[in-house]
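Everything below concerns the one structure shown next.
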Amino acid sequence: MLNYFINNETPYIGKIKLKFEKFPHYTGGDSGKLNKIHFDLGFTKLVSRMIPRKTLTGWEIDPVAIELINKYTDGRIIDHDWGGGSLPNSFMTADGTNYIGDINEGWWYFKNGMTVCGDYPRGVALKWKTAVNDKTLMSGHNGLLGYYGYTHRGGCLFTKGDRLFDESYKPIAADYEESEWKEWETSYNRKLKEADDFDRKWLEEDGIGSVIPFRKRGAIEIVTWEQARQAAINLSSHLS
């Protein structure tokens, strides 16, 4: 019944259930996966969960989701055959040579208007300004918002005007606007004051860079798309 009132935000077919959960970001077993957080009450959250139907090869995939991923992400969903076996419903590069992730990663690309980066397909994506289902403007770099570098540990979008991410860079006030630097100094000092011994040691080792966004951590300003792509690659490698 809830399927008629709550949109399915996953690439699976099954039943949607409502639950109160404090930590809903888990997947597996008979609990399915998080569909959407509807209300965050602080101490708990009202969420909907997708409980997919089970098949001989795993959870049942919505063929419409596969069609959308294949059409709009510059990747495709196929079986990934490797020396030790086969991974069904894998998100691969269009030519089928590079594994990017599972069906959920392909669905994440589609939902966020991203396409596969041919030079660095696993860990970097192109993110577009245009609607996710409108690739008529996606020729060359028209409509490109930036390059997104990511791993399972996090990610960041890099565009023109940001900094070319450099993990070895040590931030200095002269490289930034005075207002930016003061804001980060205030945030850093507050974190130091509130931190326990373990966190304080990490903060002191990392310095003020620990509160500066990835897209601002570097000495060189990004002025070309090639630099934006390189910044995303650098971050992906850093987070790996």
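Read-outs: derived from the displayed coordinates by stated rules, not from any lab. Here the structure is a predicted model, which means the values were calculated and not measured. Backbone-built Cβ (ideal geometry, glycine too); neighbour counts: all protein chains shown.
Here are the numbers for the structure shown:
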read-out: Relative contact order [Cα under 8 Å, 6+ residues apart], the range 62-110, whole percent; value: 33
read-out: Around Ala195: net Lys/Arg minus Asp/Glu count, Cβ-Cβ under 13 Å; value: -2
read-out: At most 14 other Cβ within 10 Å, DSSP loop - trypsin sites (Lys or Arg not before Pro), the range 1-71; value: Lys22, Arg53
read-out: Order of Ser237, Ser48 under a 10 Å beta carbon neighbour criterion, fewest first; value: Ser237, Ser48
read-out: Net charge contributed by nearby residues that have their C-beta within less than 10 Å of Ser31 (K/R +1, D/E -1); value: +2
read-out: Whole-Å distance, taken between Cα centres, linking the range 82-127 and the range 147-216; value: 29
read-out: Helix 225-239 vs. the chain, principal-axis angle (Cα, 0 to 90°, nearest 10); value: 80
read-out: The range 2-55 shape via C-alpha gyration tensor axes, a/c threshold 1.5; value: oblate
read-out: Euclidean distance of C-alpha centroids, the range 1-33 and the range 47-76, integer Å; value: 14
read-out: Relative contact order of the chain, defined on C-alpha pairs under 8 angstrom at six or more residues apart (%); value: 14
read-out: Proximal charge balance of Phe214 [Cβ under 12 Å; K/R count +1, D/E count -1]; value: +2
read-out: Residue exposure sequence - Leu235, Leu126 - by fewest surrounding Cβ within 10 Å; value: Leu126, Leu235
read-out: Cα-based helix-to-principal-axis angle, 63-72 vs the chain, degrees rounded to 10; value: 40
read-out: Long-range HN-HN contacts of Asn98 with modeled amide H, under 5 Å; value: Thr93
read-out: Karplus-derived 3J(HN,Hα), 6.51/-1.76/1.60, for each residue of the range 184-200, Hz, glycine and proline x; value: 5, 4, 4, 5, 5, 5, 5, 5, 4, 5, 8, 6, 7, 4, 5, 5, 5
read-out: Phi-based couplings in Hz for the range 47-55 (Karplus 6.51, -1.76, 1.60; Gly and Pro marked x); value: 10, 10, 10, 8, 10, x, 5, 9, 10
